[in-house]
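Nothing in this text is a laboratory measurement; each read-out follows from the coordinates by a stated rule. Everything numeric in this text was worked out from a predicted model, so none of it was measured. Cβ placement follows ideal geometry from the backbone for every residue including glycine, while neighbour counts extend to all protein chains displayed.
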Amino acid sequence: MIKTGIGYDVHQLVKGESLIIGSVPVQADFGSLGHSDGDALIHSICDALLGAASLGDLGGFFPSNTDEWENVESKMFLIDVISKVKKEGYSINNIDATIVLQSPMLTTYIPRIKNSLANILELDESQVSIKATTTDHLGFIGKEQGWAVLAIATLSK
């Protein structure tokens, strides 16, 4: 059996916060506002994996209205989600994600982000695709007020 899940996450960008993407610190004048570390890439991948395994969503396991998950590194969420997916008898075939961020340009960061995620997911880098795009200065992303990520996960059982 092959199943596919989609994940989507958005975070506000503000000065004084760190920008973490795929567990990789990114140099920027602003960062992601979030209850955890605000890593929208990892959050969207978690939701894609949980969706493919029909396990619900990230907020159901790690609610943002509790102090328990405040300032937690999102990598910890992904490790837990991988465990839940494997417990259901699934293996991860691939992850494909698109980061939508006006700036900074992520070209030089993509290889590190891909490597970081492949290591966390225990996958070969060929099974992880990370792309980045902008909105050509349109909307809240184009005005650098936020960023978004869309991810797709394919599982097999």
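Numerical summary
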item: Which label in (1) 57, 19, 14; (2) 24, 21, 17; (3) 25, 17, 13 gives the computed semi-axes √(5λ) of the Cα gyration tensor in Å; result: (3)
item: Amide proton proximity set for residue 39, modelled H, under 5 Å, gap of 5+; result: 74
item: Nearest-0.05 FRET efficiency for residue 79 and residue 140, computed from C-beta distance (R0 35 Å); result: 0.70
item: Förster radius 25 Å - calculated FRET efficiency between residue 72 and residue 133, Cβ distance, rounded to 0.05; result: 0.35
item: Loop-located trypsin sites (Lys or Arg not before Pro) in the range 1-93 whose Cβ has at most 14 other Cβ within 10 Å (DSSP); result: 15
item: Karplus-derived 3J(HN,Hα), 6.51/-1.76/1.60, for each residue of the range 109-114, Hz, glycine and proline x; result: 8, 3, x, 5, 5, 4
item: Pairs of lysine residues in the chain - Cα separation under 12 Å, sequence separation of 8 or more or cross-chain; result: 4
item: Alpha carbon centroid spacing (whole Å) that separates the range 2-60 from the range 85-123; result: 11 Å
item: Highest-fluctuation residue, 133, 108, 98 considered, GNM on the chain with Cα pairs under 10 Å; result: 108
